[in-house]
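Each remark here refers to the structure printed beneath this line.
The values are calculated or read from the model by the stated rules, or taken from the named source; none is laboratory data. What you are looking at is a predicted structure, and each value in this text was computed from that prediction instead of being measured. Every residue, glycine among them, receives a Cβ derived from its backbone with ideal geometry; neighbour counts consider all protein chains shown. Calculation scope for accessible area: heavy atoms of the full protein, side chains included, ligands and nucleic acids excluded. Shrake-Rupley method; radii C 1.70, N 1.55, O 1.52, S 1.80 Å.
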Amino acid sequence: MRHHVVRAPCTALCRAAPLPPLRHGPRRMAHARHGLQPSAPVRWGQHHAAKPAPMQPVKASQSNWNPVEVVKREQGLQSNKLSATLRDKVAGAVEELRFRCTAGDVAARAGVRPQEAEAVLQALAYDTRGTLEVSQEGTIVYELPRDFRTTLTTRSLLLRLAPLGAAASKLGAYLLRVAFGTALIASISVVWLAVIAITSSSRDRDSNRGGGGNYNSYGSYHSGGGPGMQFYFNLTDLLIYLDPNYGATSQERLARGAQLTFVEALFSFVFGDGDPNRGYDSERWSALGQLIQDRGGVVTAEEMAPYLEPPMPAGADADADEAGGWDYASSGARRQRASTVGASGPAYADESFVLPALIRFGGEPVVDEGSGAIVYRFPAFQQSAQGERFRVSASAQRDIPLEESWELTAASGGQLAASVGLGLANIIGVATLSSLLTDQASRYILAAQGLGWIGGLMPALQLYAVAFFAIPAIRWVLYARRNSAIDARNTARLAAARAVNGAGRWLRQKLQGARQLGERRVLRRQDAIYTSDREAGSQLNELAQDEWDKRLGSRGGGSGGGAGSSSSSSNGARRTTRGGGPSSSSGWGDDGGRW
């Protein structure tokens, strides 16, 4: 088709032939306003300075922010598909490990399953463009950028909004506590206001004709219950109980040495202060994971017992308590008292209590040929990207995480007395008003004074008054049973810790056999056979060349064998040490940055 050359001005052009809508400039916008569509290609005349880019129709709903694109971007981020709690645990462990680690390192540090740690590490590396290093055994070392948290927050709208959601949740929880406490004060005020109004009117109905209630201009309720008697109740007075530090829970505030507010004390008396062992499982699994890794990936049931739920070891004192299990030095430090458990036989006839640890960390039982005892190996903890500086001595004293007992309330003595006093005042007032309202005349009196709505609130007021004391009574019974079980578990854990600290002859041989089977291979940068930040083709060529050199060296006889051994040592062979020691400290000072 031949193109027509248009030499008419723009106005005539609009009338003569349809043009495509233009997107920029006043002349192009004029065509866009007409909504013209091109019927044939049009070439610009000589009076135009330059040929424009191909023109597209303008969409009326087009804008800079496209929600569809935002949704697609959020769905493309792998980190958003993970549990927020798990992601935060792994991210914190990565930061503690200086941004270079294996899945086993993260699992031991955060106390999570190795499979979970690897899934989160893969997602973080994908979203933040981290580096992956593969060893000859196939173990992957992850190296994340030091600003990977900032990168995630920048790319994800959900992660940017997460702090707002957490703040809103804390605010809602605090407002619930405040509402419950203020409800008690409101209940007492309303109930006794009605009681006084009824009794005053019953004594002298003739002299109390002006006893009707009304609301003044300040929002307070005024009731004339008789000569010289006026009652004011302003809902805004309840705001004095608000605490600006609503974000902190009761336990967090007490940990800082602060006191509960009065309305929080009322809530604490009725409902308690939550689970005191909320973070216990995470703490003990993290401590156990680091213990296993520091022991070279091989431990005994006696070593894991203080972190699990074991029975009392054979020969231990069942009546031992926490204070009796520790010796205190003059400096105030405490150390575990020696024990004779395991002198002639195993401390536990049944070691099934270690199953949760085996399932969580991927352990397996093995038999030590030296002692004939069963020990447990965790392969995921035997390869690490961490060197000497993260090493902990096998004989170092460790803190044993123990469960905390449940307390009925964290309120102080004065707050507890005030809570009980207000609760008694409320339940007595509700009982009195319930008795008065059995007389129909009392309902007429309340209706005449504008308080007839109180009769409709009586079921809720009665339920609140009874629940204020019934709920703490039920909790007291449940907490007594729960604390008894906690004390028994803590006693067994302390006994297990004393048994390991003062091991007898048989247990010492078992521990020595576990140390001999333990090993820890340090995965260094120069030992990786593949890294994701380099071209794959060149790395494959280098690997093939090294393999060819090894084969040539193995055919060269004695001298060739030596050359082959040297080549193998320089291409990824790792030294292993018994007892979980690091392979070598050489080449381990350059973990800063990405290579």
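If I compute solvent accessible area with a 1.4 Å probe over the protein chains, what percent of it on region 449-507 is carbon and sulfur? Show your work: numbers first, answer last.
Details: 1870 of 2720 Å².
After summing per-atom areas, the C and S share lands at 69 percent.
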*asked:* Quick one: 3J(HN,Hα) in Hz for region 370-380, Karplus 6.51/-1.76/1.60 with θ = phi - 60°, rounded, Gly and Pro as x.
replied: x, 9, x, 8, 8, 10, 10, 10, 10, x, 5
_Whole-number accessible area per residue in Å² for region 376-532, which is evaluated in the context of all protein chains at 1.4 Å_ = 46
*Roughly how many Å² of Ser282 are accessible to a 1.4 Å probe, to the nearest 10?*
40
*asked:* Would region 422-554 count as rounded, prolate or oblate if I go by the C-alpha gyration tensor, calling it rounded below 1.5 in a/c and otherwise prolate when a/b exceeds b/c, oblate otherwise?
replied: oblate
*Could you order Phe180, Phe378 by accessible surface area, starting with the largest, using a probe radius of 1.4 Å?*
Phe180, Phe378
_Dipole magnitude of region 367-513 about its Cα centre (Cβ charges: Lys, Arg +1; Asp, Glu -1), debye to nearest 20_ = 600
*Please work out the C-alpha center-to-center distance from region 369-385 to region 88-164 and express it in whole Å.*
26
*asked:* What does the charge count around Leu433 come to, taking other residues whose C-beta lies under 12 Å from its C-beta (Lys +1, Arg +1, Asp -1, Glu -1)?
replied: 0
*Calculated from backbone phi, Karplus (6.51, -1.76, 1.60) coupling profile of region 267-279 in Hz, x at Gly/Pro*: 5, 5, 5, 8, 10, x, 10, x, 6, x, 10, 4, x
*Enumerate the amide H contacts of Leu77 below 5 Å, restricted to partners 5 or more residues apart or on another chain; note that Pro and chain-start residues carry no placed amide H.*
none
*Heavy atoms only, probe 1.4 angstrom, no DNA, RNA or ligands counted: give me Ile486, Ile474, Ile185 ranked by accessible area, highest first.*
Ile474, Ile185, Ile486
*From the phi of every residue in region 141-149, what ³J(HN,Hα) in whole Hz does the Karplus formula 6.51 cos²θ - 1.76 cosθ + 1.60 yield, where θ is phi - 60° and glycine or proline is x?*
9, 9, 10, 9, x, 5, 9, 5, 5
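Using a 1.4 angstrom probe on the protein heavy atoms only, line up Tyr464, Tyr348 by accessible area, largest first.
Values: Tyr464 40, Tyr348 10 Å².
Most to least solvent-accessible, the answer reads Tyr464, Tyr348.
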*Note down the accessible area of Ile359, probe 1.4 Å, to the nearest 10 Å².*
120
*Solvent-accessible area of Tyr376 with every protein chain in place, 1.4 Å probe, in Å² to the nearest 10*: 20
